[in-house]
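Enquirer: Submitted below is the structure of interest, expressed as structure tokens.
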Amino acid sequence: MMTPLACLGPLVLMAGIASASPPAQPHAPGIEAPGYVWNAPNEEQMIALAHRADPANGEEAYAVCRGCHQADGSGRGDAIYPQLAGQHASVLIKQMVDVRAGRRDNPKMHPFVAEWVVSSEEVSDIAAYLAQLPIPPTNLKGDGTALARGQTLYEKDCATCHGAQGEGNAAEFYPRVAHQHFTYLDHESKLIRDGGRRNANPEMVKAIKGYNDADIAAVSDYMSRLMPRN
């Protein structure tokens, strides 16, 4: 646990980020580019994955993330900030590195995870810290009116990668989707379907391309209610 003195550095940094005009997020080719390969090896990701992560240091470095993702990593369903607690470290590393490089567009997040804020090694430390946090018992769910449809779609198109209980696959960089906020799952699935999530897996785009908004809402609601497991 950080002491009040240890908190001062991150707080000053956050104040600086909020008041300054940081450089714009870079742009790197994504799914729209010919020859795109999902999760192609890149130097920074390899550095972060190879680093012997220090969760204690990750807790300190995570201070710049708490304003959106909360101290316990629970996120905010009302603001479409994902729950990060309990997510696979490999998934978190990939997404942070993709935002830093501009393969995943997120100009709001970029100033807080950019290279001048956290190092490649700290990306790994943050991911390790979050991965060990318990998944919060509450999250934002949908209206529950189409769960049977959601289960059918999930079992047909999603379970092969994300697991029968939404546990994901750390080795394959497939995220845990169980107990994630409904609003985040719904928002990101629509982005993926429509080509707006440029670091998306083409196999997932293909799997949900024929979904209408009601289908996406149904499967997102179903995933939000899956009980997480290791």
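Enquirer: Considering only residues of the stretch 107-121 that are closer than 26 Å to Asp78 by Cα and part of a helix (DSSP H, G or I), which is most open to solvent (accessible area, probe 1.4 Å)?
Expert: So the residue we want is Phe112.
Enquirer: Moving on to the next point. For the stretch 166-210, how many residues meet the condition of being among the hydroxyl-bearing types (Ser, Thr, Tyr) and out of contact with any helix residue (DSSP H, G or I) (no Cβ under 6 Å at 6 or more places or on another chain)?
Expert: The total comes to 1.
Enquirer: Restricting attention to helices (runs of 4 or more DSSP H) lying wholly within the stretch 28-71, give those where 2 or more residues are without any contact (Cβ under 8 Å) to a residue 24 or more places away in the chain and either open to solvent by 60 Å² or more (accessible area, probe 1.4 Å) or in contact with a His (Cβ under 7 Å, 6 or more places away or on another chain) (or both).
Expert: 43-50
Enquirer: Then there is this: Considering only residues that are open to solvent by 10 Å² or more (accessible area, probe 1.4 Å) and of a type in the set (Asp, Glu), which ones fall in the stretch 80-106?
Expert: Within the stretch 80-106, Asp105 is the sole residue that qualifies.
Enquirer: Filter the stretch 158-190 down to the residues that are under 16 Å from Val91 (Cβ atoms) and acidic (Asp, Glu) and list them by number.
Expert: Listed by number, the residues that qualify are Glu167, Glu172, Glu188.
The values are calculated or read from the model by the stated rules, or taken from the named source; none is laboratory data. Here the structure is a predicted model, which means the values were calculated and not measured. All Cβ positions, glycine included, derive from the backbone under ideal geometry; neighbour counts span all protein chains shown. Just the protein is used for accessible areas: all its heavy atoms, side chains included, with ligands, DNA and RNA removed. Shrake-Rupley method; radii C 1.70, N 1.55, O 1.52, S 1.80 Å.
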